[in-house]
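The values are calculated or read from the model by the stated rules, or taken from the named source; none is laboratory data. Just so it is clear, the structure is predicted and the values come from calculations on it, not from any experiment. Every residue, glycine among them, receives a Cβ derived from its backbone with ideal geometry; neighbour counts consider all protein chains shown.
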Amino acid sequence: MLNRRHLLQTALGAGAAYGATSLLPAWARSASAGNLGIPSLQGTEFDLDISRFPVRIGGKAGMATGINGTLPAPLLRFREGDDVTLNVTNRLEEDTSIHWHGLLVPFHMDGVPGVSFPGIKPGETFSYKFRIPQNGTYWYHSHSGLQEQLGHYGPIVIDPAGTDPVSYDREYVLVLSDWSFTDPHRLFGKLKKNAESLNFNQPTLSEPKGLGGMWGRMRMSPRDLADVTGATYTYLINGQSTEDNFNMVFRPGEKVRLRIINAAAMTLFNVRLPGLPMTVVASDGLNVQPVETDEFQMGVAETYDIIVEPTEERAYAFVAESIDRSGQAVATLGPRPGMRATEPTMRPVPMLTMRDMGMDHSMMDGMSGMDRGSEDKADSMNMDGAAAHDMKGHDTGGMSMKPDPNGPSVQPAKVIEADIERGPGVANVAAMPMSRLDEPGIGLDDVPHRTLTYSQLRALEMNEDHRAPGREVVVHLTSNMERYMWSFDGVKFSEVTESIKFYEGERVRLTLINDTMMPHPIHLHGMFFDLVNGGGHHMPRKHTVIVKPADKVSVDISAEHVGDWAFHCHLLYHMHAGMMQVVSVIPEGEASTSNSSMPMDHGAMKHGEDHS
């Protein structure tokens, strides 16, 4: 798609033609007007003020930190190929920033304090300047402290320079989020003191105990699906709760495009419109071959574009249900303004299984009748999984690895896998991680309708880089959930001394192994990755991927965008606790000096702090 030289030209040419205004076509103007509660800004120069302001959520008053006084922030409408300037003024009493999530910008415009720029001081204005090299649905948010949780996020729509391959008559932008009236630093403090203090979805004595003994010894609950639940959160669509009833209007027979953005701090959502099939046409801003489904699970920071074609004159419920089913946000899609769809009854809370522990499939038979000896054996298999990693920490050269059935037959000749720092921050290592790309997500494997899986996604256009990866870099997602410690390879970000190295021009495979029992949406800044899902030369290109418990996910990356890029779990409190790293793309010709440690400015990087 894009190479480093293109991005350098983008940076150098960003000072030109800022006075020009690109007008929206009629369909886009009318569609934007339908997005009640989201002001829309378009053009090539934008003034964005970050401040504190009052909001009203579900009839209750609160204070938000956001942009231009709205929750969510204004919809920014760009056009592919435009040069834009965004003047961001900080009216807070603390530093702030804006990261353009999924946009391929020069690294010094990426907006991550301590990694790509110093941040924006109180009273200062920082001008982001870059060319728009892509189109699709994206979003923007703070990368400072816990400001995202307070409302510092907003949607981006980039219209294509040419013809859009997706045809539709009307569109709506839907920003999903989780809101709390409690200060996020207080919530984080509670999680550090007691990781289960905000999870009220625990099993009752009357429910099947199943693997209760093993869960207890691992100090885990089979309902550790979300750290913060609907008991604390109000779930929002475009800043409006179910009670507020965000309203969308259609004419029967129209094709309606819904651009859905998960801008939550901590919540994975299950998205559906009961009685109305959805056709997925884009994932993370990039077009995919259309696939019809009835429900999909959405990680924090992912975006999906869908087409629906309602033919009946009735109100349909758009449902965004939290993964732990402790709450939901419901909007209305109806033929007349002001209609209210029936809110569906909450479904039973799902339970984690042996598969989520990284166990062998053969051990799943007879779970309910498992005796103490079997539990001890299974427990030992999981906890002793670290033995399988004793030989890591060095270049394994030509060592062969068992091929992933969902991946290409050619495996990288060189595998780099760091030692996992065993200690208080690593409670367990999955003994038998496996690819779970053909599973729809926790709680959706037994619903009576179609569900989307990553294995179904295919890029609409052929991948441009067909090279097999020359190296594989393996990263483990690690934690001690009881102590609320989150990390990569057992090292929290505040203790990292060296970045992960990619080299300009190389094709590299990044393999993520989840040794925790929670799903993590993992985001790599500055570049898209090709999800190795059996798609041949049509692997879907994404910027964020959910890694399920005991999951093993591989992505192939063309390392073209030189710079230092944040790489982290997009669950805000996990990132804040330390599940973050930096990927450095080393310029061509500088590989010989790449072994030196990258200086980490952890003072500026607020997300790397551990407030224990």
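Quick notes on this structure:
- Of the candidates 542, 552, the single residue that is surrounded by fewer than 23 Cβ atoms within 10 Å (Cβ to Cβ) and under 22 Å from residue 575 (Cβ atoms) is 552.
- In region 138-170, the residues that are more than 18 Å from residue 239 (Cα to Cα) and touching a Lys or Arg at 6+ places or on another chain (Cβ under 6 Å): 144, 145, 159, 168, 169
- Taking the criterion of being part of a loop (DSSP other than H, G, I, E, B) and either touching a residue at least 60 places away in the same chain (Cβ under 8 Å) or over 22 Å from the mean Cα position of the chain (by Cα) (or both), the residues of region 172-191 that qualify are 181, 182, 183.
- Residue within region 385-394 that is in a loop (DSSP other than H, G, I, E, B), modelled with pLDDT of 95 or more and of a type outside the set (Asp, Glu) present: no
- Test: residue in region 23-35 that is outside any loop (DSSP other than H, G, I, E, B), touching a helix residue (DSSP H, G or I) at 6+ places or on another chain (Cβ under 9 Å) and either at pLDDT 95 or above or surrounded by fewer than 16 Cβ atoms within 10 Å (Cβ to Cβ) (or both): no
- Subset tally (residues that are surrounded by fewer than 20 Cβ atoms within 10 Å (Cβ to Cβ), touching a strand residue (DSSP E or B) at 6+ places or on another chain (Cβ under 8 Å) and among the polar types (S, T, N, Q)) for region 452-491: 1
- Scanning region 130-149 for residues that are in contact with a strand residue (DSSP E or B) (Cβ under 8 Å, 6 or more places away or on another chain) and either surrounded by fewer than 22 Cβ atoms within 10 Å (Cβ to Cβ) or farther than 30 Å from residue 189 by Cα (or both) gives 130, 131, 132, 134, 135, 136, 137, 138.
- Scan of region 106-154 for residues that are within 19 Å of residue 38 (Cβ to Cβ) and either without any contact (Cβ under 8 Å) to a residue 24 or more places away in the chain or acidic (Asp, Glu) (or both), ordered by number: 148
- Residue check for residue 125: modelled with pLDDT of 95 or more and farther than 30 Å from residue 460 by Cβ: yes
- Test: residue in region 492-503 that is surrounded by fewer than 21 Cβ atoms within 10 Å (Cβ to Cβ) and part of a strand (DSSP E or B): yes
- Enumeration of residues in region 264-299 that are assigned to a loop (DSSP other than H, G, I, E, B) and in contact with a helix residue (DSSP H, G or I) (Cβ under 8 Å, 6 or more places away or on another chain): 265, 266
- Among the residues of region 316-339, just one is hydrophobic (A, V, I, L, M, F, W, C) and either over 28 Å from residue 288 (Cα atoms) or modelled with pLDDT under 95 (or both), namely 339.
- Residue within region 305-327 that is within 23 Å of residue 103 (Cβ to Cβ) and within 14 Å of the chain's Cα centre (by Cα) present: no
- Yes/no for residue 293 being at pLDDT 95 or above and either touching a Pro at 6+ places or on another chain (Cβ under 7 Å) or closer than 18 Å to residue 548 by Cα (or both): no
- Among (1) crowded, with 21+ Cβ neighbours inside 10 Å; (2) assigned to a loop (DSSP other than H, G, I, E, B) - the single one residue 534 does not satisfy: (1)
- Residue check, residue 81 at positive phi and modelled with pLDDT of 95 or more: yes
- Out of 474, 532, sole residue that is hydrophobic (A, V, I, L, M, F, W, C), more than 22 Å from residue 301 (Cβ to Cβ) and touching a residue at least 12 places away in the same chain (Cβ under 8 Å): 474
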